[in-house]
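Values quoted throughout were computed directly from the atomic coordinates according to the rules given, and no laboratory measurement underlies them. For clarity, every value in this text was computed on a predicted model and none was experimentally measured. Positions of Cβ are backbone-derived with ideal geometry, glycine not excepted, and every protein chain shown enters the neighbour counts.
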Number of protein chains: 2
Amino acid sequence: MPRFTHPRLEDVPLDLALHALADPNRLAMVARLAATERLSCTDAAPCESIPKSTLSNHLKLLRAAGLIETTQAGREMINTLRRAEFDQRFPGLLGAVLANRPA
Amino acid sequence: MPRFTHPRLEDVPLDLALHALADPNRLAMVARLAATERLSCTDAAPCESIPKSTLSNHLKLLRAAGLIETTQAGREMINTLRRAEFDQRFPGLLGAVLANRPA
DNA sequence: ATAATAGTTCGGCATTATTGAACTGTTGAA
DNA sequence: TTCAACAGTTCAATAATGCCGAACTATTAT
């Protein structure tokens, strides 16, 4: 049973947050979660072609950056954006990034 | 004589810009340039301990991300932030990043 | 000319990222 | 119940990046 560790936002350095967002696939996942609230890992995936293990790693990185929270629900893992906490930690950052994301 | 290539900002993808900013040393350099306008490479360096070749690479990356412009002046290279252009390309992004940078 | 300065480039090593394969745990069906 | 399918994770090997010492280029000063 996977037990996920979620950092306190005050322990997340800016560099880590930027690095997490500095990848097209991860950013696409964040954008999806910003729009859809709750998504399983596969549903959060930006496309079908990305391997499961890669997807899992991306989500782990997003967790470590304080961007998402993952909880188990049956056999799927439900991911949600930690929007309020992240915005409090890094005011304006996520908004600016999402606003500048290519369509 | 090094001839630097500076991308058009519309050709800079968001990922590249974020990646350039997602490093403490590079971000510190950007912050310096935001405060000081014109700096040679060594003056832009965040600390004395960082090797020249590493510094040069960081600056190359910042150039590629459209963040700085480098011109030769005698034997030094003068770096300036392409602030207006960058802000036009990614509104609010650099401001948010700099505002959230640790002291 | 020579030496010092400012920085780039190159090449090798170290770190990080990607991904197939094997594994854990959960649900639904026979 | 067992069995198979499903959702994801973990591991290990390979691929791709990053870092930095050493050698190099160009400029200025002596």
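So the values come out like this:
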{"read-out": "Selection within the range A:6-21 - closer than 19 Å to A:Ser56 by Cβ and either among the polar types (S, T, N, Q) or within 12 Å of chain B (Cβ to nearest Cβ) (or both)", "value": "A:Leu16, A:His19, A:Ala20, A:Leu21"}
{"read-out": "Hits in the range B:35-85 (condition: more than 16 Å from DNA strand D (Cβ to nearest atom), crowded, with 16+ Cβ neighbours inside 10 Å and over 11 Å from the mean Cα position of the chain (by Cα))", "value": "B:Glu85"}
{"read-out": "The range B:34-63: number of residues that are under 14 Å from B:Arg101 (Cα atoms) and more than 14 Å from chain A (Cβ to nearest Cβ)", "value": "2"}
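A quick yes/no check of all residues on (1) acidic (Asp, Glu); (2) without any contact (Cβ under 8 Å) to a residue 24 or more places away in the chain:
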| site | (1), (2) |
| --- | --- |
| A:Cys47 | no, yes |
| A:Ala65 | no, no |
| A:Glu69 | yes, no |
| A:Phe86 | no, no |
| A:Pro91 | no, yes |
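Table: residues versus (1) closer than 29 Å to B:Phe90 by Cα; (2) out of contact with any strand residue (DSSP E or B) (no Cβ under 7 Å at 6 or more places or on another chain); (3) not hydrophobic (A, V, I, L, M, F, W, C).
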residue	(1), (2), (3)
A:Asn57	yes, yes, yes
A:Leu61	yes, yes, no
A:Ala65	yes, yes, no
A:Thr71	no, no, yes
A:Gly74	no, yes, yes
A:Leu81	yes, no, no
A:Pro91	yes, yes, yes
A:Leu94	yes, yes, no
